[in-house]
Amino acid sequence: MPPPQFERAVEQGTRSADGTPGPNYWQNRADYTIEATLDPSDNTLSASGTIRYTNASPNALPYLVLKLRQNVHKEGVPRNRFVEITGGLALRDLAVDGQPVEEVTEGLPEPGQYRIDGTVLTLALADTLETGETATLSMGWRYRIPNAEGAFRQGTDGEVYYVAYWYPQVAVYDDVYGWHTDQYLGLGEHYMGFGDYEVEITAPEGFLVWSTGRLDNPEAVLAPETLARLDRAYGTDEVVSVVSAGQRAPGRSTADSPDDRLTWRFVAENVRDVAFGASDRYVWDATHAGVDQDGDGDDEAVLINALYRPDAAAWGRAAEFGRFSVEHLSEMFFPYPYPHMTAVEGLIGGGMEYPMMTLIGGTRNDQSLFGVTYHEISHMWFPMIVGSNEKAYTWMDEGLTSYNTNVGLTDFFDGSSADRPEVDGWARNRQYHYYIAGTGYAVEPMRHNDLYPLGGGTPQVDPVQNASRGVASYSTPAVLLRAIEGIYGTDRFLDAYREYAQRWAFKHPYPWDLFNTFEDVLGEDLDWLWTPTLFESWTVDLAVAEVEEAPGDVRVQVVDEGLAPMPAPVTVTYADGRTETQTVPVQTWLGGAREASLTFPAGDAVRVEVDAADVLIDVDRTNNVWTDPSSEGGVNSSN
């Protein structure tokens, strides 16, 4: 049952019961212009900018809400992880339509005032923003970039700078809940609106800088030889070394500036965020992906960048992995719409996504670097384009991208060459769901990200410590999607999956939009599928209870020993090699039965197996198979 806020949105026509955006769907919009200076001498970021906010909602807005996420590093601010205290973001000169706004520290702000509470700024407008009106905010700010050891998803290690969550951003105001005022506590991610960005980043000469958006002034910041090699990357399928280790210097990698600084200009359209990486220690590889962005049958060249320190293991293949990921995902869903996809190395143990950018750290081999690269690039579709609320419904981006990654791993590592040895992305030892499902430690995926148990460790070592969030958000939704694919077939499943992605591209879906779209395309009510696995932590456990060979048939007794109902495909293999498959429909279990009988053609049955394809999230495979006890090695798994 959807919450009343969602049902009200359906009644008001902003959402639809079939999963499509309603005829009255709307989104507010914030467009940003930012000028920033990165100063490595004291690890500071200084900036100023404007935000042009347009109210497309049917509601008059007496106040605006902004997120100041760097304040997670401020003294006294609530957080759910250890971070370095930097003082947070120092805001100055906030004005609305040219009129200064006064900060207050107690009570509710009056019109023309604002108050900062942790990472949330509430601004009471002097004049209510009516439907269709636009307000322009201007401000300056500064903060110290945290050390990587005391940061999360951003920071510096003294060589590499990754700058994220670095500017005041207007919170999402949507048709279901209105303003989303959640504090940023450090662990959970974000819900962000779409807008256009014009960003200028000033950094020391010799620093390679890449950001969300199109590099708008390459001739002003790159050396002529670098430009020539970059241009070559657009026209060859090879990976081009744009800047090698010996070329990392002003005048060789970047332009040579009289004042020792260069300003990089990036322009991004219809993105939800901007982040950038910068370092004078990076080498730079590039190639391109062929993507039919215009839908005219001809591929456009999407620039693929990899920036990394030369001793970073496996990164020599990062551009190759990025190209495959963009092309593969473009075919799976819809064409990648942006001018580049850039992976930068360093700082963190895993990977983190931003529009057109991903930050990847840790010690990697080829398979590991491919997996995290594909996963982070998959986030360009979910949630960078299909803009779900990661904070409240983390599984809607992490679970979907985990499914995609398993497909990508299997398709890339297909055994076609020595550098692409065969890998089964769906192997059970890769699916953490099976490590804690049914142990009492698992929690439901439909849980707010800030409310998961905290801790460290891995599911294999300690199922209590931190495993529940990862399993619920990543693995469980991925294997659930795999089960839908197994039940309905790959073609029908992909029809529903693509329809969801295309319907909600550059919009803000809720879980019920996904559920309703799948049910609309597949033509069935799937509450029996969503509820046990996403709203609960119930498990599937189907078993072969008994096999009886009679003169005229073979009778198989199947038992449902779990709480989560699932259709039970049963395959009988005969001594002559024949196979027969029948399915116990899910309606049998929904009707209250715990056992079901199937009758197969007569013959010498040597093996009976429930879910032979291993796609139905069955937590106990030891009772899925019966083999003829009289045959060599035969075992009745129900004993």
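The values are calculated or read from the model by the stated rules, or taken from the named source; none is laboratory data. Model, not experiment: these values are computed from the prediction. Cβ atoms come from the backbone with ideal geometry, glycine included; neighbour counts cover every protein chain shown. Side chains are part of the model used for accessible areas, which takes the heavy atoms of the whole protein and leaves out ligands, DNA and RNA. Shrake-Rupley method; radii C 1.70, N 1.55, O 1.52, S 1.80 Å.
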- [ ] Tell me, please, whether a residue that is open to solvent by 70 Å² or more (accessible area, probe 1.4 Å), assigned to a helix (DSSP H, G or I), out of contact with any His (no Cβ under 9 Å at 6 or more places or on another chain) and touching a residue at least 12 places away in the same chain (Cβ under 8 Å) can be found in the stretch 588-599.
- [x] yes
Open item on the list: So Pro2 ticks every box in (1) surrounded by 14 or more Cβ atoms within 10 Å (Cβ to Cβ); (2) without any contact (Cβ under 8 Å) to a residue 12 or more places away in the chain but one. Which box is left unticked?
Closed with: (2)
Open item on the list: Looking only at the stretch 314-368, how many residues end up being aromatic (Phe, Trp, Tyr) and out of contact with any Ser or Thr (no Cβ under 8 Å at 6 or more places or on another chain)?
Closed with: 5
- [ ] Would you please list the contacts, defined by Cβ atoms under 9 Å and residues six or more apart or on different chains, that run from a residue in the stretch 560-579 that is in contact (Cβ under 8 Å) with a residue 60 or more places away in the chain to a residue that is open to solvent by 70 Å² or more (accessible area, probe 1.4 Å) and of a type in the set (D, E, K, R)?
- [x] Glu561/Arg594
Open item on the list: Among the residues of the stretch 49-70, what is the count of those that are among the polar types (S, T, N, Q) and either free of Cβ contacts under 8 Å to residues at least 60 places away in the same chain or open to solvent by 30 Å² or more (accessible area, probe 1.4 Å) (or both)?
Closed with: 3
Open item on the list: Every residue in the stretch 528-555 that is without any contact (Cβ under 8 Å) to a residue 60 or more places away in the chain and either part of a strand (DSSP E or B) or open to solvent by less than 20 Å² (accessible area, probe 1.4 Å) (or both), please.
Closed with: Leu529, Trp530, Pro532, Glu548, Glu549, Asp553, Val554, Arg555
Open item on the list: Name the single residue that is most open to solvent (accessible area, probe 1.4 Å) among those in the stretch 225-266 being part of a loop (DSSP other than H, G, I, E, B), over 20 Å from Gly213 (Cβ atoms) and among the aliphatic types (A, V, I, L, M).
Closed with: Val239
Task: Residue among Arg142, Arg81 that is open to solvent by 30 Å² or more (accessible area, probe 1.4 Å) and either in a strand (DSSP E or B) or of a type in the set (Asp, Glu) (or both) - done: Arg142
Open item on the list: Out of everything in the stretch 101-123 that is outside any strand (DSSP E or B) and either modelled with pLDDT under 95 or hydrophobic (A, V, I, L, M, F, W, C) (or both), what residue ends up being nearest to Lys391 (Cα to Cα)?
Closed with: Leu108
Open item on the list: Whether any residue in the stretch 88-100 is surrounded by fewer than 20 Cβ atoms within 10 Å (Cβ to Cβ), in contact with a Phe, Trp or Tyr (Cβ under 9 Å, 6 or more places away or on another chain), part of a loop (DSSP other than H, G, I, E, B) and not aliphatic (A, V, I, L, M) is what I want to check.
Closed with: no
